[in-house]
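**Student:** My questions will all concern the structure given below.
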Amino acid sequence: MDYIIGFLIAVVIALTGVGAGVITAPLLILFLHVPLEIAVSTALAYSAIVKLIVVPAQVVRKQVNYRVLGFMLLGGLPGVIFGSIMFKHVASSGPRAALYFALGAIIIFTSGWHIYRHFRPAGIARPNKDRAKLIGLIMLPIGAEVGFSSSGAGALGTVALLSMTNLSAPLVVGTDLAFGLVIALVGSGVHMIGGHYATAILIKMAIGGVIGGVLASGFAPKIPNRTLRLVLSLWLTVIGIQFCYNALFKPNASAPKPAAASVVAAHQIPGANRTTTP
């Protein structure tokens, strides 16, 4: 099942362009019954692996603006470290409902952004003046959000780049992907120090993801990806609303279940990782 989920996520990313972080955590929670704190960390690491495959192609095509990327990382790196530390604190001793609400809110925003772009592809007016030097201020909370929920770097980073720079569309995509790769790598490192991850699940998903990404890239141009993106975004919106609802009105639903913990344990490689649950 782990291989299949990794394969499907990579295929969906290749066909729709929706980010790995916003898809992976919900699938791990819903289909593998992985506890949320472990799902978020594993999703962040999987996102880094996917971007490691994609970003080199952007670099070769010269679709990364390193000047803008540097400004983004000035705020994004401290942000993702802070967000990851806060995630560790909340997962260990804080209200677990906060994790569900944060993940749900980011899923709603990200999927809402894709729905908006479906009906208004040119929705954001491009600025006449480049304000890239200020983009680090925006990337600070975005990095913190990624460290806390694993999701949203793609949609939020794209909005910031479109609003504050005059980069071309290919440069926006490439620069945002490079930014997402760096903060995902740093955030994954902090999460792994905290012990909230599942190595065996991640390895199997990565294997399936590589296969899915290679296969999907071949027939992606022949698939009506705008329609698929809309359907996926609508489904993710429902999932995000459900997470937020449970966090606000059913906090007990966020409590760890023994069955979920046993599922994670069944996927572990002895001595390969820790999965700390409150």
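We did not get these values from a lab; they are worked out from the coordinates using the rules stated. Quick caveat: nothing in here was measured; it's all calculated off a predicted structure. Positions of Cβ are generated from backbone atoms using ideal geometry, with glycine treated the same way; all protein chains shown enter the neighbour counts.
**Student:** Want the number for residue 57 to residue 30: 0.36 nm per residue separation, take away the alpha-carbon distance, what's left? Numbers along the way, then the final one.
**Tutor:** Values: separation 27, 0.36 × 27 = 9.72 nm, distance 3.23 nm.
Between residue 57 and residue 30, full extension yields an extra 6.5 nm.
**Student:** What order do you get for 159-168, 135-144 when each peptide is scored by the mean count of other beta carbon atoms within 10 Å, highest first? Walk me through the numbers before you get to the answer.
**Tutor:** Details: 159-168: 19.1, 135-144: 21.8.
The densest-packed peptide leads the list: 135-144, 159-168.
**Student:** Taking a 27 Å limit on the Cα-Cα distance, which of the listed pairs 51/133; 62/88; 62/204; 51/250 fall beyond it? Walk me through the numbers on the way to the answer.
**Tutor:** On the way: 51/133 25 Å; 62/88 37 Å; 62/204 32 Å; 51/250 35 Å.
From 51/133; 62/88; 62/204; 51/250, over 27 Å: 62/88; 62/204; 51/250.
**Student:** Turning to a different aspect of this structure: Count charges around residue 139 for me, please; just the other residues with Cβ under 11 Å from its Cβ, Lys/Arg as +1, Asp/Glu as -1. Walk me through the intermediate numbers first.
**Tutor:** On the way: positive: none; negative: 145, 176.
So the environment of residue 139 carries a net charge of -2.
**Student:** Here's something else I'd like to know. How long is the gain from residue 226 to residue 89 if the chain were fully straight, where each residue apart is worth 0.36 nm and the alpha carbon distance is subtracted? It would help to have the intermediate numbers written out before the result.
**Tutor:** Details: separation 137, 0.36 × 137 = 49.32 nm, distance 3.89 nm.
Gain on stretching residue 226 to residue 89: 45.4 nm.
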